[in-house]
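Written out below as structure tokens is the structure these notes cover.
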2 protein chains.
Amino acid sequence: MATSVEEITVNRQFDGYNRRYKHRSSVLGCDMTFTVYFPAAAEKGKVPVLYYLSGLTCTDENFIQKSGAQRMAAARGVALVAPDTSPRGLGVEGEADSWDFGVGAGFYVNATQEKWRAWRMYDYVVEELPALLRTASPFASSLDPDRASIFGHSMGGHGALIVGLKNPQSYRSISAFAPICNPTNVPWGVKAFTGYLGEDKEAWKQYDACELMRGFAGDVKPPILVDTGSADKFLEVQLQPQALEGAIKDSGYSPATLRMQEGYDHSYFFISTFIDDHINFHADALLVGHEA
Amino acid sequence: MATSVEEITVNRQFDGYNRRYKHRSSVLGCDMTFTVYFPAAAEKGKVPVLYYLSGLTCTDENFIQKSGAQRMAAARGVALVAPDTSPRGLGVEGEADSWDFGVGAGFYVNATQEKWRAWRMYDYVVEELPALLRTASPFASSLDPDRASIFGHSMGGHGALIVGLKNPQSYRSISAFAPICNPTNVPWGVKAFTGYLGEDKEAWKQYDACELMRGFAGDVKPPILVDTGSADKFLEVQLQPQALEGAIKDSGYSPATLRMQEGYDHSYFFISTFIDDHINFHADALLVGHEA
């Protein structure tokens with residue numbers, strides 16, 4: 001079956017283009033949108049791919065409109081790929097009743113509970129989307145998904161950490177803004193994992209960054225960068241960066257840099273302040289041997 | 001009467017703060033919101049003020065969330081002040097029937113038609129807001145409104161041009177993204193000016209940048225910078241930068257730079273691409289003799 005995507009909007013920015021697409025996801029069983037920022041460098045040769053996973057309630061548009069990431073992505077010649085945060089339009093009963101579960105809240109897991117069987121955002125991000133970028137026009141000629149890194153915010157910071165730690169051979173660097181570090185032990189994570197994965201907490205551990213960090217056995221260790229704001233209202237109850245810090249110490253994982261940013265909150269104002277650091281962190285990993 | 005403002009949100013960004021305020025406008029007769037970005041430099045002394053006037057349908061938030069202006073404003077030590085685009089909540093019949101007239105569409109004029117008598121955004125921007133910044137806490141100790149410049153987008157680009165050209169002693173530089181250059185001759189302007197100012201087209205000329213440019217007699221000529229995108233869907237019918245170019249030639253006004261940016265549209269993706277140029281243009285005018 002031919003894979004195809006429909007371009008639904010295009011906006012020029014920093015000499016490149018934001019292009020928003022719609023495609024039929026076979027993994028999720030619904031139409032999905034995602035946005036790619038193509039730097040001008042993509043017109044001359046294949047550029048590496050930096051995936052960004054968004055937080056609760058977001059679509060692919062929040063990051064594209066508010067982060068300011070395109071400026072440095074253009075300067076470094078890295079493409080940005082921003083997927084949506086859940087299946088949409090399936091009409092599962094109650095799918096839109098909560099802002100932290102169902103629509104806009106896929107948590108980047110593969111659900112095992114029958115009712116939520118379409119919620120397979122892990123496979124969508126790790127398998128389907130990279131395959132699409134490898135094969136479909138116009139990506140195949142401009143992107144190099146074999147050079148990929150991943151980052152995200154909040155729920156998407158959790159997503160970036162687990163996707164990266166479970167596939168260290170596929171992502172050259174991992175970073176997060178205000179990630180949910182230990183979802184098996186915080187209200188957002190417990191609600192989502194109970195709903196998508198059932199009551200058996202053993203099944204949850206495969207999607208918890210702290211558990212994955214403690215059990216990490218890969219030969220390749222992608223560098224990790226995490227920024228969290230000290231004024232983030234979700235810091236203590238939902239994010240718990242100290243849990244990840246402890247897991248990193250226990251595992252001896254290196255290099256990993258966790259920073260607390262004084263006075264910053266959970267918003268895109270925080271993200272935009274440190275986005276250049278993150279883009280450069282990933283570009284340094286992605287462009288080894290490729291920059292002039 | 002004491003002037004006071006209520007801070008309704010605060011978000012740290014680039015070592016400074018976005019602070020959104022609500023206050024009672026005596027000019028407009030309603031509560032108004034506006035946002036100020038305070039660079040860190042404002043904690044050490046008074047910083048100059050750069051006003052940004054927004055386009056149709058916008059509030060003060062679009063610019064603050066999407067332009068990326070704070071990064072360079074922080075670096076140069078310039079405060080950003082973003083007002084709303086019209087009175088709100090007055091309940092004038094039909095005020096929200098059109099996206100290009102009434103609420104969100106004040107066009108920065110003082111209305112003379114009885115029904116729209118509250119629409120006095122010109123006086124609000126030129127008189128009331130600067131007076132508030134001079135006198136109310138916390139502005140009086142951190143901002144220097146006697147060093148001010150102005151810019152804006154679309155309807156707000158028109159606003160910046162007319163406000164600056166009518167008050168060249170009060171604004172040290174003027175710039176615009178995709179401004180409505182000749183509102184007396186284009187559909188948006190004709191609709192707004194007919195509604196707010198009545199049928200007499202002579203009364204419209206005081207709010208038309210091309211007319212003001214041709215009649216300009218000030219001793220001080222603030223430098224002008226205008227960027228417009230060649231792919232802007234409003235370019236031919238509504239914006240008409242060539243009309244302003246003609247008026248500048250006729251008047252001999254200098255310095256004025258009008259640029260056509262190839263492939264860019266009317267969105268904040270366009271604004272964000274050239275925002276650094278505009279911030280630096282204004283900072284150069286505002287900081288003469290003040291930078292180390």
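Each reported figure results from applying straightforward, stated rules to the coordinates on display, with no laboratory input. Quantities reported herein were computed from a predicted structural model and do not represent experimental measurements. Cβ coordinates were reconstructed from backbone atoms using ideal geometry, including for glycine residues, and neighbour counts include every protein chain displayed.
Sort B:PHE151, B:PHE38 so that the residue with the fewest other Cβ atoms within 10 Å of its own Cβ comes first and the one with the most comes last. Mind dumping the intermediate values first?
Numbers: B:PHE151 32, B:PHE38 23.
Exposure proxy ranking, most exposed first: B:PHE38, B:PHE151.
Whole Å is fine, so just give me how far the alpha carbon centre of the range B:56-127 lies from that of the range A:192-223. If we compute the Cα centre of each part, the gap is 49 Å. Couplings 3J(HN,Hα) of the range A:154-160, computed from phi: 6, 3, x, x, 3, x, 4 Hz, in residue order, whole Hz [Karplus 6.51 cos²θ - 1.76 cosθ + 1.60, θ = phi - 60°; x for Gly and Pro]. Determine Rg/Rh for the protein assembly as shown; Rg is computed over alpha-carbon atoms and Rh is the Kirkwood hydrodynamic estimate from the same atoms. Rounded to two decimals, Rg over Rh is 1.01. Antiparallel beta bridges, as assigned by DSSP with both residues in the protein assembly as shown, represent about 50 percent of the total such bridges.
Around B:PHE269, under 9 Å between beta carbons, what's the net of Lys plus Arg minus Asp minus Glu among the other residues?
Values: positive: A:ARG12, B:LYS66; negative: B:ASP265.
Charge balance near B:PHE269 sits at +1.
With a threshold of 27 Å on the Cα-Cα distance, the over-threshold entries among A:LYS44/A:LYS221; A:LYS191/A:LYS233; B:LYS166/B:LYS201; A:LYS166/A:LYS233 are A:LYS44/A:LYS221; A:LYS166/A:LYS233. Taking A:ASP15, A:ASP123, A:ASP144 as the candidate residues, the one with maximal mean-square fluctuation in a Gaussian network model of chain A, Cα springs under 10 Å, is A:ASP15. With its label point put 7 Å out from Cα toward Cβ, B:GLU43 sits 4.3 nm from the same residue's point in the other copies, in order from shortest. In the protein assembly as shown, a dipole from Cβ-located charges (positive for Lys and Arg, negative for Asp and Glu) runs towards its positive end, and of A:TYR124, A:CYS210, B:ALA41 it is B:ALA41 whose Cα lies farthest in that direction. Charge tally around B:GLU202: other residues with Cβ under 15 Å, Lys/Arg +1 each, Asp/Glu -1 each, net -1. Taking one quarter of the surface of the convex hull spanned by the alpha-carbon atoms of the range A:151-266 gives a direction-averaged projected area of 6.5 nm². Residue and whole-Å distance for the chain B Cβ lying nearest the axis of the B-onto-A rotation are B:GLY68, 2.
Translational diffusion of the range B:67-110 was estimated from the Stokes-Einstein equation, with Rh taken as the Kirkwood radius over Cα pairs; at 25 °C and 0.890 mPa s the coefficient is 193 µm²/s. Extension gain for the segment B:VAL288 to B:PHE216, taken as residue separation times 0.36 nm less the Cα-Cα distance, is 23.5 nm to one decimal.
Remark on the range A:5-286: ratio of C-alpha radius of gyration to 2.2 N^0.38 Å is 0.93.
Placing a label point 7 Å from Cα along the Cα-to-Cβ direction at A:GLU61 gives distances to the equivalent points in the other copies of 1.4 nm, listed shortest first. Label zone (B:SER4, point 7 Å along Cα-to-C-beta; backbone nitrogen cut-off 16 Å) within the range B:26-67: B:26, B:31-32.
Can you work out D for the range B:120-203 in µm² s⁻¹ from Stokes-Einstein, where Rh is the Kirkwood radius over C-alpha pairs, the temperature is 37 °C and the viscosity is 0.692 mPa s? Taking Rh from Cα pairs, D becomes 234 µm²/s. Dipole orientation for the protein assembly as shown: of the candidates B:SER67, A:LEU197, B:GLY106, B:SER67 has the Cα lying most toward the positive pole (charges on Cβ; Lys, Arg +1; Asp, Glu -1).
Place a +1 charge on the Cβ of each Lys and Arg in the protein assembly as shown and a -1 charge on the Cβ of each Asp and Glu, then give the dipole magnitude about the Cα centre in debye, rounded to the nearest 20. List each step's numbers first, then the result.
Working: 52 positive and 70 negative charges, 119 e Å.
That gives a dipole near 560 debye.
Within the listed set A:ALA96, A:ALA105, A:ALA74, the Gaussian network model of chain A (springs between alpha-carbon atoms below 10 Å) gives the highest mean-square fluctuation for A:ALA96. The reciprocal of the average 1/r between distinct C-alpha atoms defines the Kirkwood hydrodynamic radius, which for the range B:1-151 equals 15.7 Å.
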